[in-house]
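**Q** I have a structure I would like to understand better, so I am pasting it below and will then ask my questions one at a time.
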Amino acid sequence: MKIDQNLVNTLEEIKDPGELMAELFRLFGNRAAIGTSGQWTGVALIDMVIRAGITKPNVFTVDTLRLFPETYDLMRELERKYNIKIKKVVPNFETVSKMVRDHGEMIFFNSKAKQEYCCKIRKVDPNNRILDNLDVWIAGLRADQSNSRSRKKRLDIIQHKQQDGIVRPLLKVTPLIKWTEEKVKDYTRTYHVPVHKLLEIERDGWHYASLGCIICTTPIGPQETRRAGRWRWFNYALNDDQKECGLHLERTDK
Ligand code: SF4
């Protein structure tokens, strides 16, 4: 199946997110996959596609080896409830060892560049390895997460650079891009979808709005922006748009 604008135009006609994903899995089989870090939208996507008739959707998560215990618990719970296997993609051990040898365990405190380097080694590179075997990457982004995410399309042809250097089109799909967080939460409650335990905690207005690795993720206070809890030590200098791990940045290798 060719990844081109004709395909996008056809898929644009399918408004229901579950039906859209089901059609993608029917068309592409295991060349399509849902990538999730276990936040509200990702778990809702898994439930939706299974309800739409795809009993064994291809699902993966990037395990940076620094995730919260609650994240691992959630993945196990999702696997049990839906009788699926979630592929865990880990970073290359030698590359991580070299990074730690060269810069220490807590490299991300030093500078934005080093945080991005750590995210590249632990998240972006493993994610790219998975994309090498995919034509369709389904992600749980929402427009209300940040300004940069508000500009994302529901169906977007991106250029993926494989490890062998070949650049080819890949369809990135964000079925719930227009959904608000409240709407996604309502969905998970209605359909009893397992959710990340940390996302359910709220104390005096403090709560987790976005989850990543331990240490790099903290709860946000009532007056703080959504991504203020990510790499909090950069808040004096960076806004939410500047605080990305690199997974969903515009690709420049076009
Ligand atoms: S979130 Fe922190 S620990 Fe995780 S990959 Fe990025 S910089 Fe490294």
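Read the figures in this text as sums done on the coordinates, not as results from a lab. Since the model is a prediction, treat every value here as computed from it, not as a measurement. Counting neighbours? That spans all protein chains shown, and the Cβs are built from the backbone with ideal geometry, glycine included.
**Q** Short version: ³J(HN,Hα) in whole Hz for each residue of the range 127-144, in order, from phi by Karplus 6.51 cos²θ - 1.76 cosθ + 1.60 (θ = phi - 60°), x for Gly and Pro, what are they?
**A** Values per residue, Gly and Pro as x: 4, 5, 4, 5, 4, 3, 9, 10, 10, 10, 10, 9, 10, x, 6, 10, 5, 7 Hz.
**Q** Long-range amide H contacts for TRP179: which residues qualify at under 5 Å (H placed 1.01 Å from N, peptide plane, sequence gap of 5 or more or a different chain)?
**A** When sequence neighbours closer than 5 places are left aside, the close amide H contacts are ALA143.
**Q** Report, please, the projected area of the range 191-252 averaged over directions, based on the convex hull of its C-alpha atoms, in nm². Spell out each step's value before the answer.
**A** Details: hull surface 23.7 nm².
In nm², the orientation-averaged hull projection of the range 191-252 is 5.9.
**Q** If you build the Cα gyration tensor of the range 75-142 and take the root of 5 times each eigenvalue, what three semi-axes come out, in whole angstrom, biggest first? Please list the in-between numbers first.
**A** Values: eigenvalues 154, 41, 34 Å².
Working through the eigenvalues yields semi-axes of 28, 14, 13 Å.
**Q** Taking springs between alpha-carbon atoms closer than 10 angstrom, which of THR61, THR188, THR225 fluctuates most in the Gaussian network model of the chain?
**A** For the chain, modelled as a Gaussian network with Cα springs under 10 Å, the answer is THR225.
**Q** Which log10 I(q)/I(0) values does the range 153-245 give at q = 0.15, 0.17 Å⁻¹ under the Debye formula, counting every alpha carbon as one identical point scatterer?
**A** -0.83, -0.97
**Q** Given an 8 Å cut-off on Cα distances and at least 6 residues of separation, report the relative contact order of the range 64-213 as a percent.
**A** 22
**Q** For the chain, what mean projected area does the convex hull of the alpha carbons give, in nm²? Present the calculation step by step, with values, prior to reporting the outcome.
**A** Numbers: hull surface 54.3 nm².
Computed as one quarter of the Cα hull surface, the answer is 13.6 nm².
**Q** Send over the semi-axes of the range 1-133's equivalent ellipsoid, whole angstrom and largest first, taken as the square roots of 5 times the C-alpha gyration tensor eigenvalues.
**A** Numbers: eigenvalues 203, 67, 30 Å².
Taking √(5λ) for each eigenvalue gives 32, 18, 12 Å, largest first.
**Q** Still on this structure, please answer the following. Applying the Karplus parametrisation 6.51 cos²θ - 1.76 cosθ + 1.60 with θ = phi - 60° to the phi angles of the range 24-30, what ³J(HN,Hα) value in whole Hz is obtained for each residue in order, glycine and proline being reported as x?
**A** For the range 24-30, the Karplus-derived couplings read 5, 5, 5, 6, 10, x, 7 Hz, x marking Gly and Pro.
**Q** Report, in debye and to the nearest 20, how large the dipole of the chain comes out about its Cα centre when Lys and Arg carry +1 and Asp and Glu carry -1 on their Cβ. Let's see the in-between values first.
**A** Numbers: 43 positive and 34 negative charges, 64 e Å.
The calculation lands at about 300 debye.
**Q** Mean residue ellipticity at 222 nm from the helices of the chain, using -39,500 (n - 2.57) per DSSP H segment of n ≥ 4 over the full residue count, to the nearest 500 deg cm²/dmol? Before the final figure, lay out each step's value.
**A** Values: 9 runs with 86 residues, N = 254.
Per the formula, -10000 deg cm²/dmol.
**Q** What number, in percent, do you get for the relative contact order of the chain if the mean sequence gap of Cα pairs under 8 Å and at least 6 apart is divided by its residue count? Can you show the working numbers first?
**A** Values: 411 pairs, mean separation 53.1, N = 254.
Result for the chain is 21 percent.
**Q** Please state the Cα pair-distance histogram of the range 60-112 with 10 angstrom bins from zero: what percent is in each bin?
**A** 20, 40, 26, 13, 1
**Q** So, one more: What does the extension gain come out to for ILE215 and ILE158, with contour length at 0.36 nm per residue minus their alpha carbon separation? Please report the intermediate quantities before stating the final value.
**A** Details: separation 57, 0.36 × 57 = 20.52 nm, distance 3.13 nm.
Stretched out fully, the ILE215 to ILE158 stretch lengthens by 17.4 nm.
**Q** Another one. Quote the relative contact order of the range 145-208 in percent (integer), defining contacts as alpha-carbon pairs under 8 Å separated by 6+ residues.
**A** Details: 46 pairs, mean separation 13.3, N = 64.
Dividing the mean separation by the residue count of the range 145-208 yields 21 percent.
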